[in-house]
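Working notes, beginning with the structure itself.
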């Protein structure tokens, strides 16, 4: 009886182990396919190469770079060559759970519009005075106001940038009251044409995409979300640099 029960227990353990191996390989393949597809990388590149190649391009790959490299090595230890049916090693439960969670984050990260965007976006026309924009920022407590001209986005009026311009007016002994009353907000926007300080993404954009934009360009102050990511579309939501910590926390808990 002891031997028989031991044999049954052994079979149960082996079945669970085989399930772990299959779960690991499935998650690994999902990650491999997602990274290659998202960044148009060749099948001939090794997994380690695609991870290192996309570190500057993909926030999640950058965050889990060391884990992904380790997973690549473990995958080669779990199976023999290209035959995924020939399992020669088994991963621990903790490893399987970890790779599955990372696979889920990389393959199906939450949409920014669903979980982080501020959807009550205030906009102004290009000919509105700086004074009116300052009053709007003060009353709304929104420091980033999209500016439109003939239905097309031309820039974002940012409270700190407006303050910087007013500082220069004061340095030149100019009249601040006269400047803010007579100067349209478009004049400040046009002064910033050489600076990339905002982006526009479509409604399907993920949190990962938004985070990568903020991390790849520290001058970005806001990301507008529109239906198709076009400048001629009105915003469905806005993400600011102040939301970066929140987005990190969302991905950690996802």
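Data table
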quantity: Residues satisfying the stated conditions in the stretch 4-21, i.e. in contact with a strand residue (DSSP E or B) (Cβ under 8 Å, 6 or more places away or on another chain) and either modelled with pLDDT of 90 or more or surrounded by 13 or more Cβ atoms within 10 Å (Cβ to Cβ) (or both); calculated: 21
quantity: Test result for residue 64, crowded, with 19+ Cβ neighbours inside 10 Å and modelled with pLDDT of 90 or more; calculated: yes
quantity: Complete set of residues in the stretch 206-239 that are touching a helix residue (DSSP H, G or I) at 6+ places or on another chain (Cβ under 9 Å) and farther than 19 Å from residue 55 by Cα; calculated: 220, 221, 222, 223, 225, 236, 237, 239
quantity: Residue satisfying all of: in the stretch 68-79; surrounded by 15 or more Cβ atoms within 10 Å (Cβ to Cβ) and modelled with pLDDT of 90 or more; nearest to residue 107 (Cα to Cα) among these; calculated: 68
quantity: Strands (runs of 3 or more DSSP E) within the stretch 47-162 that include 3 or more residues in contact with a helix residue (DSSP H, G or I) (Cβ under 7 Å, 6 or more places away or on another chain); calculated: 144-149, 152-158
quantity: Residue match in the stretch 217-236 (condition: within 20 Å of residue 108 (Cα to Cα), surrounded by fewer than 16 Cβ atoms within 10 Å (Cβ to Cβ), in contact (Cβ under 8 Å) with a residue 60 or more places away in the chain and in the same structural domain as residue 131 (by TED's automatic domain parsing)); calculated: no
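The values are calculated or read from the model by the stated rules, or taken from the named source; none is laboratory data. Source: prediction; values computed, not measured. Cβ: placed from backbone, ideal geometry, glycine included. Neighbour counts: every protein chain shown.
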